[in-house]
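**Q** Before I ask anything, let me first share the structure, which is written out below as C-alpha cells.
The values are calculated or read from the model by the stated rules, or taken from the named source; none is laboratory data. Predicted, not measured: the structure shown is a model, and the values here were computed from it. Reconstructed Cβ throughout: ideal geometry from the backbone, glycine too, with neighbour counts over all protein chains shown.
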Ligand code: ADP
Ligand code: MG
C-alpha cells in the first residue's frame, strides 16, 4: 500500500467508525428513571411518581394552576367563584367535565350527591365562611337554594333558578385533578405512574422496582389533625383509579354532637351513620371521588346498589360497636 492508498483507507475506516458510533448513539434511548414530585395543593398534599427522562415538576405545577383557575372556590378569580358570585363568565372544559360527572352521580344517588350543597357547607362551617350558630330556621332559609335540578349549563353559561345558589366542587376536584396529572404524565411519555392527591389515587403499570404499586386504605380513626395514617389494608395494583371519602378527618364537635363535612342535601344536615369511610374504584378518579362522597351521604345499605348501578366497586368500613367491619361490593377484587 502506498502512502496515498494508506490515507484513503484510513479516511474510509474513520468515516465508517464515526457513522457506526453516531448510529449507536442515536439508537440508544435516554435512560429512563423514576421521578418523584410532591407538595401541597387544594389544602392537602400531593405525591407523584413516574418513569421518564425529565423531571415534570413545571408541567405538574402549571396543570394545578390551570385547575385552580377553573374549580377552586378559594380563588376569587376562578370560574366557579365567578359563577357563585354571579359574575358573567364562560365555563371552560375542566368545569364542564366536572359538571357532567357531578350531575351523573346526582342522578345515580337520587340527589344524595349534589354540588349545589355549597350554602349548607358554609352554614355548617366547612366552607369559606366562619362557623356560626346553626338553627333550624337558618337551615330552612337555605334549603330552597339547594338542588341539582335547579341549575343548568347552557351554551357555556350556568343558569341558576336563584342567584343566591352556589356550587361546591370539592367532592370531585381532587379525583379529577388526579386524572389530569395522569394525562400530563402520559403526554410526556411516562408509562408507569402513581398520582396521589390527598388520598385519591391513579396508578398505571409498575413501581420503580418493577412490581405492582402498593396502595394503603386508611383506617378511619378520628384524626382532625390529618397527621395519623393507620392502614386498614394494603392493595397491590397496576392500573387503578380509586378515591376514599370519610368523616374521620374533617369534623368537629358542637357539645356532644359530632358534625362531619358530608352534608345530606335532602335534610340539610351533616350525615350521621355508622359508615366511617368509603373507598371506590371506578373507570376514572373523578367518578370514583364523586361516588365515594355519595356513598358517605347514602350510608352502607343504599351505597351498594348505587355503586352497582354506576358500574364501580367499593370497600366500606363500618363502625359496629367498638370494632370496624368491612363490607365490599361483589365485584371488589383487590
Ligand atoms: P374527602 O376526600 O376530604 O373526604 P369528599 O370527596 O368526600 O372529601 O368531599 C367532601 C366535600 O364535599 C365537603 O367538604 C363539601 O365541600 C362537599 N360536600 C359535602 N356534602 C356533599 C354532598 N352531599 N354532595 C356533594 N358535595 C358535598
Ligand atoms: Mg369525594
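**Q** Counting only residues that are away from ligand 1 (no atom under 12 Å from the Cβ) and either at pLDDT 95 or above or surrounded by 18 or more Cβ atoms within 10 Å (Cβ to Cβ) (or both), which one in the stretch 217-231 is nearest to residue 312 (Cα to Cα)?
**A** Within the stretch 217-231, the match that is nearest to residue 312 (Cα to Cα) is 217.
**Q** Restrict the check to the stretch 296-319 and report whether at least one residue is within 13 Å of ligand 2 (Cβ to nearest atom) and closer than 20 Å to residue 229 by Cβ.
**A** Yes: the stretch 296-319 contains one or more residues that are within 13 Å of ligand 2 (Cβ to nearest atom) and closer than 20 Å to residue 229 by Cβ.
**Q** Same structure, new question: Listed residues 60, 15; which is away from ligand 1 (no atom under 16 Å from the Cβ) and at pLDDT below 70?
**A** Numbers: 60 fails: at pLDDT below 70.
Going through 60, 15 in turn, just one is away from ligand 1 (no atom under 16 Å from the Cβ) and at pLDDT below 70: 15.
**Q** Take residues that are in contact (Cβ under 8 Å) with a residue 12 or more places away in the chain and closer than 23 Å to residue 40 by Cα and tell me which of the strands (runs of 3 or more DSSP E) falling wholly in the stretch 105-222 contain 2 or more. Walk me through how you get there before you give the answer.
**A** On the way: elements: 151-154, 157-160, 193-197, 200-204, 213-218.
Result: 193-197, 200-204, 213-218.
**Q** Is there a residue being within 16 Å of ligand 2 (Cβ to nearest atom), over 26 Å from residue 48 (Cα atoms), within 18 Å of the chain's Cα centre (by Cα) and surrounded by fewer than 20 Cβ atoms within 10 Å (Cβ to Cβ) anywhere in the stretch 110-130?
**A** Scanning the stretch 110-130, I find no residue that is within 16 Å of ligand 2 (Cβ to nearest atom), over 26 Å from residue 48 (Cα atoms), within 18 Å of the chain's Cα centre (by Cα) and surrounded by fewer than 20 Cβ atoms within 10 Å (Cβ to Cβ), so the answer is no.
**Q** Shifting gears a bit: Quick one: how many residues across the stretch 224-269 are under 22 Å from the mean Cα position of the chain (by Cα), in a strand (DSSP E or B) and within 14 Å of residue 296 (Cβ to Cβ)?
**A** First pass over the stretch 224-269, keeping only residues under 22 Å from the mean Cα position of the chain (by Cα): 224-251, 260-265.
Now narrow it down to the ones that are in a strand (DSSP E or B): 231-237, 240-246, 251, 260, 263-264.
Cutting the leftovers down to within 14 Å of residue 296 (Cβ to Cβ) gives us 243-246, 251, 260, 263-264.
Total meeting the criteria: 8.
**Q** Name every residue in the stretch 157-190 that is within 20 Å of the chain's Cα centre (by Cα) and more than 16 Å from ligand 2 (Cβ to nearest atom), in order of residue number. First the steps, then the outcome.
**A** Restricting attention to the stretch 157-190, the residues satisfying the condition of being within 20 Å of the chain's Cα centre (by Cα) are 167-187, 190.
Residues satisfying the conditions are 181, 182, 183, 184, 185, 186, 187, 190.
**Q** Right, another one. All but one of (1) more than 13 Å from ligand 1 (Cβ to nearest atom); (2) assigned to a strand (DSSP E or B); (3) under 16 Å from the mean Cα position of the chain (by Cα) hold for residue 283; which doesn't?
**A** (2)
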